[in-house]
């Protein structure tokens, strides 16, 4: 199934590359009717010291470094992204283990407001277009049994901030959001779609 924009890309001979292993990002791109190839950045995210950057600059730099590590064929558009959860000016990335995940959810996210920030870099033959998106998330107060159930039944170790909004903890824990829901999943797909549309129209 090709969306009108995906069909237009195909007609113009433009192929999409997604520089991400995230299944959520794969799902969102597919939901927009895009056909794309998954490519792996040769960039080590761990080398960037987050303490030297604001959260916005950090995710933008990560996304741009991922994009710059991939050789882009002619007539291709590459999309790379990086997402973090920010609580009281502290960046919460993927937890090292379940103990750290539990501490994040119970000790920081529960009964509080945090911000999800995604940096996106879209590149085409050395031309880089970067932007960010922010979503505020308000959590209910969670109890230990709810968090333990979540950790026992869902894979949280590849989730920024230790949770996926589309899973149990999002269904029972998220009281409200301000901004793009899909940004919390790891890709502000509306902005990405519009950026790809603009690139297509300019060709």
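The values are calculated or read from the model by the stated rules, or taken from the named source; none is laboratory data. It should be emphasised that the depicted structure is a prediction, and the values quoted were computed from it without experimental measurement. We place every Cβ from the backbone using ideal geometry, glycine too, and count neighbours over all the protein chains shown.
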Test each condition in (1) at pLDDT 95 or above; (2) out of contact with any strand residue (DSSP E or B) (no Cβ under 9 Å at 6 or more places or on another chain); (3) within 30 Å of residue 69 (Cα to Cα) for residue 126 and report the one that comes out false.
(1)
Answer yes if at least one residue in region 91-103 is under 30 Å from residue 69 (Cβ atoms) and assigned to a strand (DSSP E or B), and no otherwise.
yes
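Any idea which residue in region 158-178 is farthest from the chain's Cα centre (by Cα), counting only those that are part of a strand (DSSP E or B) and surrounded by 16 or more Cβ atoms within 10 Å (Cβ to Cβ)? Explain how you work it out, then say what you get.
Residues of region 158-178 part of a strand (DSSP E or B): 174-178.
The next check asks that each one be surrounded by 16 or more Cβ atoms within 10 Å (Cβ to Cβ); those that pass are 174, 177.
Numbers: 174: 18, 177: 16 Å.
Among them, the one singled out is 174.
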Per the filter on region 31-45, residues assigned to a helix (DSSP H, G or I) and in contact with a helix residue (DSSP H, G or I) (Cβ under 7 Å, 6 or more places away or on another chain) are 45
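Considering only residues of region 179-195 that are in contact with a helix residue (DSSP H, G or I) (Cβ under 9 Å, 6 or more places away or on another chain) and part of a loop (DSSP other than H, G, I, E, B), which is surrounded by the fewest Cβ atoms within 10 Å (Cβ to Cβ)?
180
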Residues being in contact (Cβ under 8 Å) with a residue 40 or more places away in the chain and in a strand (DSSP E or B): count how many of those fall in region 116-145.
19
If I ask for residues that are crowded, with 18+ Cβ neighbours inside 10 Å and without any contact (Cβ under 8 Å) to a residue 24 or more places away in the chain, which ones from region 66-102 would you list?
none
Scanning region 129-148 for residues that are under 28 Å from residue 193 (Cβ atoms) and modelled with pLDDT of 95 or more gives 130, 131, 132, 133, 134, 135, 136, 137, 138
Within the group 179, 161, which residue is modelled with pLDDT under 95 and touching a strand residue (DSSP E or B) at 6+ places or on another chain (Cβ under 6 Å)?
161
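In region 46-56, what residues are assigned to a helix (DSSP H, G or I) and either in contact with a helix residue (DSSP H, G or I) (Cβ under 6 Å, 6 or more places away or on another chain) or within 15 Å of residue 90 (Cβ to Cβ) (or both)?
Passing the criteria: 50, 51, 52, 55, 56.
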Please indicate, with yes or no, whether at least one residue in region 5-13 is touching a residue at least 24 places away in the same chain (Cβ under 8 Å) and part of a strand (DSSP E or B).
no
Somewhere in region 8-30, is a residue touching a helix residue (DSSP H, G or I) at 6+ places or on another chain (Cβ under 7 Å), closer than 19 Å to residue 185 by Cβ, modelled with pLDDT under 95 and surrounded by fewer than 17 Cβ atoms within 10 Å (Cβ to Cβ)?
no
Considering only residues that are in a helix (DSSP H, G or I) and over 12 Å from residue 102 (Cβ atoms), which ones fall in region 146-156?
153
Over region 88-113, the set of residues touching a helix residue (DSSP H, G or I) at 6+ places or on another chain (Cβ under 7 Å) and under 22 Å from residue 176 (Cα atoms) is 91, 92, 93, 101, 102, 104, 105, 106, 109
